[in-house]
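Working notes, structure below.
The values are calculated or read from the model by the stated rules, or taken from the named source; none is laboratory data. Here the structure is a predicted model, which means the values were calculated and not measured. With ideal geometry, Cβ positions are generated from the backbone for all residues, glycine too; neighbour counts draw on all protein chains shown.
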Amino acid sequence: MRTDARGGDESCLADNPNPPGALRAGDPAAFEALVRRHGGRLLAVARRILADEADAADAVQDAFLQAFRNLDRFEGNAQVGTWLHRIAVNAALMKLRSRKRRREDSVEALPPRFDEVGHREDSGGVWPDSTEASLDRVDLRRQVRAAIAQLPDAYRTVLLLRDIEEYDTAETAAALGVTEGVVKTRLHRARQALKSLLDPMMARP
Amino acid sequence: MTCREVVAILEASFDEGLTAESRADVEAHLFGCRACRREFQSYRRMLTALRDLAASVRFEEPEPLSEALIQRILAAAAR
């Protein structure tokens, strides 16, 4: 998993890589500063994983409460933002497992499709090169996000963890409680399905 | 080799790379199959779009939590 600028400016009280005594001692003001500082970023990752606003809010609450109760386990050499981010990913995955199953439709119905002798039936268009000026990157990101949100839970989570959160295969398998082989298969299918969802917007003759 | 067989080879070797023999077979197929060439070109461009999204997510400034959610979290922590 990458460590990055998620923690933002690490200079303020709630971002100090080594949480101050007030936070560890349960000072409400220090905890509130932590929530205000990092909450938005945690909500963003929970939204991506859960694709549901109410569930994402619940997951963020769960994440902060877990962090609050486990401050003594925080390793001083890690960034608070990175530590909280990891807790939020796990809280969102827990929420995903606990909620009533939905979006479990298969991705098998999505292309590629083949004719009876094994040749492609759908020789659709080709995506333009991303360097083409006509391609609006902001719009493309918006479309990719929307398509990811449409993927069934089991595929969306693998694709998000591997391709967006940049977990490696072993980390993804551990987070999801599946084998590395399952992660590889689901990632491949998730990418194929994502491409199929985006083709109508992206492919050009 | 058919398009279906090429897709199966690529899926089986996913994340681990092709053997030299499989690579030669796949390249020979792609040379003669416009549909697969276009498909794989598009697939690579989609991976580029995913990397772009990952970089964007990494540095974007998220919208702050609503005050209602902040107060909910603080109240839950105080219990």
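So here's what we get for this one:
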item	result
Among the residues listed as A:Ala51, A:Ala91, A:Ala56, A:Ala44, the single one being within 13 Å of the chain's Cα centre (by Cα), modelled with pLDDT of 75 or more and within 9 Å of chain B (Cβ to nearest Cβ)	A:Ala44
Residue in segment B:50-68 that is among the basic types (Lys, Arg), touching a Phe, Trp or Tyr at 6+ places or on another chain (Cβ under 9 Å) and surrounded by 14 or more Cβ atoms within 10 Å (Cβ to Cβ) present	no
Residue within segment B:40-57 that is among the aromatic types (Phe, Trp, Tyr) and under 23 Å from the mean Cα position of the chain (by Cα) present	yes
Members of segment A:189-200 found to be free of Cβ contacts under 8 Å to residues at least 40 places away in the same chain and crowded, with 20+ Cβ neighbours inside 10 Å, listed by number	A:Arg191, A:Lys195
Residue among B:Leu18, B:Leu10, B:Leu47, B:Leu30 that is part of a loop (DSSP other than H, G, I, E, B) and more than 7 Å from every other protein chain (Cβ to nearest Cβ)	B:Leu18
Residue tally, condition at pLDDT 85 or above and in contact with a helix residue (DSSP H, G or I) (Cβ under 8 Å, 6 or more places away or on another chain), over segment A:94-114	3
Candidates A:Ala44, A:Ala54, A:Ala29, A:Ala67 - the one that is outside the structural domain of A:Gln150 (by TED's automatic domain parsing), aliphatic (A, V, I, L, M), under 13 Å from A:Asn90 (Cβ atoms) and in a helix (DSSP H, G or I)	A:Ala67
